Amino acid sequence: MLNFIKLVQNEGIKIFTKIGTWVMIAFIPILVIAAAFLCKYANQDELTVNNVWEFLDLCLSAIPNLMDIATLFTIIVAAGIVASEFSGGTIKLLLIRPFSRSTILLSKFVTVLLFGVGLMLLLLLTTFLTGGMFFGFDGASELHAGAAFSNVAYSWKAIGYSGIEMIVMVTLAFMFSSVFRASSMAIGISLFFLLTSGQLAYVLKQFEWSKFLIFANTNLLSYVDGMPLIASMSLSFSLMILACYQLLFLALAWYVFAKRDVSI
C-alpha cells in the first residue's frame, strides 16, 4: 500500500509541475467571481440571484455551467496522463520499476480522480463563499423552485449527480488516453464527446434504443427536475447504465495498457 501511495504521489507531482495545471486551478475562482459579478450587475431576469443557494444552483445546473469547466479541465489531465507517457517516451522509465502494469494504471486513474475531486471542492468552496458575500447566506430552508425539497437538499443532489457525471466523463477520457499513443488525439476525442454529448443525446432521443447510450444517462439532474430525456427512463436505470459503461471503459483501458508492446 505504501508503494502504491508513492506511485500516486509521483503522478501528482507530474501533474502539478506543469504550468497549465496551475492556470486551470486559478481559472476556477476567477470564473466564479466573474459569474457573481454578472449575476449582481447584469440586470437580466434569467441571471437574478437572491441568495447563495440560488447562485450555487446556477453554477451547477445552468447550461453550460461551471461544473462543466471543472470536468473539462480534469478531462484534459485524464486524456493525457497515459498517452503522454508513450508520446514522450517516459513509459519505459515506469515499466522498469518493480510494479505491475495494472498497479501503474490504477495509480494514474486514482490520481486523475483525486485531481477532479480537488477541482470540484475548489469550485464548491469558492462558489459558496463568493455567493454568500455577494447575495447572502439566507434561504437554506426555503423550497427550491419547482421542487418539493429545500435549496440545501437540491444543492446536495446537484453536487452528487454532477460528481457522478464527472467521474464517467473522466473515465472515458482515461480510456482514450490508454488506447491512443498520441495525447493530442486522446484529448481531442475526449473534448469532442464532452462538448457534443448533450446535443447527440437530444437528437437521438426519438429512438427508444438511444436510452442505452451513455450520453443519454449522464444528466442525472433531469430526474430531480422531473424531466428525463425519455419518459421510460428512471434514475436507477441511468445509474445502472453508467456503471456498466464505467466497467467497460476501465476494462478496455486495462486490456490495452497491459497488452501494449513497449521496447525497453
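General remarks:
- Shown in residue order for region 158-170 are the 3J(HN,Hα) couplings computed by the Karplus curve 6.51 cos²θ - 1.76 cosθ + 1.60 at θ = phi - 60°: 4, 5, x, 5, 5, x, 5, 4, 4, 4, 5, 5, 5 Hz (x for Gly and Pro).
- One decimal place: the segment LEU200-ALA62 gains 47.8 nm when fully extended, by the rule 0.36 nm per residue minus the C-alpha distance.
- Net dipole in debye of region 75-194 [+1 Lys, Arg Cβ; -1 Asp, Glu Cβ; about Cα centre; nearest 20]: 660
- The helix-only estimate of mean residue ellipticity at 222 nm for the chain, built from DSSP H runs of length n ≥ 4 each weighted as -39500 (n - 2.57), is -24000 deg cm²/dmol after division by the residue total.
- Karplus-based coupling profile of region 87-96, in residue order and whole Hz: 5, x, x, 7, 4, 5, 5, 6, 6, 7, with θ = phi - 60° in 6.51 cos²θ - 1.76 cosθ + 1.60 and x standing for Gly or Pro.
- Additional length obtainable on full extension of the chain from THR103 to SER141, 0.36 nm per residue less Cα span: 9.1 nm
- Normalised by the number of residues in the chain, the average gap of Cα pairs under 8 Å and 6 or more apart makes the relative contact order 25 percent.
- Among LEU31, SER61, ASN50 the positive-end extreme of the charge dipole of region 1-68 (Cβ point charges): LEU31
- Longest exposed-site-free window of the chain, the sites being chymotrypsin sites (Phe, Trp or Tyr not before Pro) in a DSSP loop that have at most 14 other C-beta atoms within 10 Å: 1-136
- Scalar couplings 3J(HN,Hα) for region 52-57, obtained by applying the Karplus form with A = 6.51, B = -1.76, C = 1.60 to θ = phi - 60°, are 5, 6, 5, 5, 5, 4 Hz; x denotes Gly and Pro.
- The length gained on full extension between LEU47 and ILE25, counted as 0.36 nm times the residue separation minus their Cα-Cα distance, comes to 5.4 nm.
- Cβ-derived FRET efficiency at R0 51 Å, LEU239 paired with MET1, nearest 0.05: 0.95
- In the frame of its principal axes, region 1-74 has Cα extents of 54, 25, 18 Å, reported largest first.
- Gyration tensor (alpha-carbon) shape descriptor, region 99-252, a/c threshold 1.5: oblate
- Relative to the Cα centre, the charge distribution of the chain, modelled as +1 at Lys and Arg Cβ and -1 at Asp and Glu Cβ, gives a dipole magnitude of about 1340 debye.
- Lysine pair number, Cα distance threshold 27 Å (strictly under), the chain, separation 8 or more or different chains: 16
- By the compact-protein rule of thumb, 2.2 N^0.38 Å, the alpha-carbon radius of gyration of the chain corresponds to a ratio of 1.09.
- Placed amide H near SER150: partners under 5 Å, 5+ positions off or other chain: HIS144
Values in this text are rule-based calculations from the coordinates and carry no lab data. This is a predicted model, so every value here is computed, not measured. Positions of Cβ are backbone-derived with ideal geometry, glycine not excepted, and every protein chain shown enters the neighbour counts.
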